[in-house]
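The values are calculated or read from the model by the stated rules, or taken from the named source; none is laboratory data. Values in this document were obtained by computation on a predicted structure and should not be read as measured data. All Cβ positions, even for glycine, are placed from backbone atoms using ideal geometry, and neighbour counts span all protein chains on display.
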Amino acid sequence: MQHVKVPQDRIGVLIGEGGETMREIERRAEVRLDIDSESGSVAVDSVGDPVSGMVAPDIVRAVGRGFKPDAALSLLDDDLRMFELIDLAEYTRNKNDLQRQKGRLIGENGRTRELMEELTGAEVVIYGSTLGVIGQPEEVEAVRRATKMILDGAPHGAVYSFLERKHNELTRGFDVKS
């Protein structure tokens, strides 16, 4: 059994209307979820396929960090699909710096975050002091590198160029195989 802490304001999303989301996670990941809505603690107990059971804590964590349940459940669709969390607080000095960096990562009207998604194919969510990514390993790596570039102060244009190059590499890689 594993325990995952979910922020209070995300418990409702994890449970879903009438418990629908919770039941869907339990069914697809073959686990039992025991959600303490007071503390935000979620006990994840594998009751079926151990491999699916190993992915379940990441599904719960992803919903807790702002992903839609469908995006989190996509972790079960492919063995290579992964969830990664980048703690932005590690790269910032104080609350104001964190807000500024989050603003740079989100971009004007959400454009930077959208471009990360469009050009890598990964799903990206910025919530609290974290940036979450769900995707294939090479997609997650591209978002991680772009995020680090932005946090290190790189101009957005340089980051967009990097993402364009990565996009071309990723899509060319698929063309060669077909």
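Annotations for the structure displayed:
- Region 2-23 - residue that is small (Gly, Ala, Ser) and in a helix (DSSP H, G or I) and, of those, farthest from Gly40 (Cα to Cα): Gly18
- Counted residues, region 100-120 - those being within 28 Å of Leu76 (Cβ to Cβ) and surrounded by fewer than 16 Cβ atoms within 10 Å (Cβ to Cβ): 3
- Scanning region 57-74 finds no residues that are of a type outside the set (Phe, Trp, Tyr) and over 23 Å from Asp9 (Cα atoms).
- Scanning region 27-62 for residues that are at pLDDT 95 or above, in contact with a Leu (Cβ under 9 Å, 6 or more places away or on another chain) and assigned to a helix (DSSP H, G or I) returns Arg28, Ala29, Val55, Ala56, Asp58, Ile59, Val60, Arg61, Ala62.
- Residue in region 122-140 that is crowded, with 21+ Cβ neighbours inside 10 Å, among the acidic types (Asp, Glu) and within 15 Å of Arg65 (Cβ to Cβ) present: yes
- Some residue of region 49-66 being among the polar types (S, T, N, Q) and more than 26 Å from Arg113 (Cβ to Cβ): yes
- Reported count of residues in region 157-171, each being touching a helix residue (DSSP H, G or I) at 6+ places or on another chain (Cβ under 8 Å), under 17 Å from Glu108 (Cα atoms) and surrounded by fewer than 16 Cβ atoms within 10 Å (Cβ to Cβ), is 1.
- The one condition from (1) over 12 Å from Leu14 (Cβ atoms); (2) surrounded by 15 or more Cβ atoms within 10 Å (Cβ to Cβ) that Met54 does not meet is (2).
- Flag if Glu17 is in contact with a Pro (Cβ under 9 Å, 6 or more places away or on another chain) and not assigned by TED's automatic domain parsing to the domain that holds Arg113: no
- The single residue among Ile11, Ile35 that is more than 18 Å from the chain's Cα centre (by Cα), farther than 25 Å from Glu141 by Cβ, aliphatic (A, V, I, L, M) and not assigned by TED's automatic domain parsing to the domain that holds Tyr160 turns out to be Ile35.
- Checked against (1) without any contact (Cβ under 8 Å) to a residue 24 or more places away in the chain; (2) under 18 Å from Leu33 (Cβ atoms), Pro57 passes all but condition (1).
- The criterion of at least 3 residues that are under 21 Å from Ile59 (Cβ atoms) and without any contact (Cβ under 8 Å) to a residue 60 or more places away in the chain is met, among helices (runs of 4 or more DSSP H) falling completely within region 83-151, by 137-151.
- Residue match in region 6-16 (condition: in contact with a helix residue (DSSP H, G or I) (Cβ under 8 Å, 6 or more places away or on another chain), farther than 20 Å from Val133 by Cα and at pLDDT 95 or above): yes
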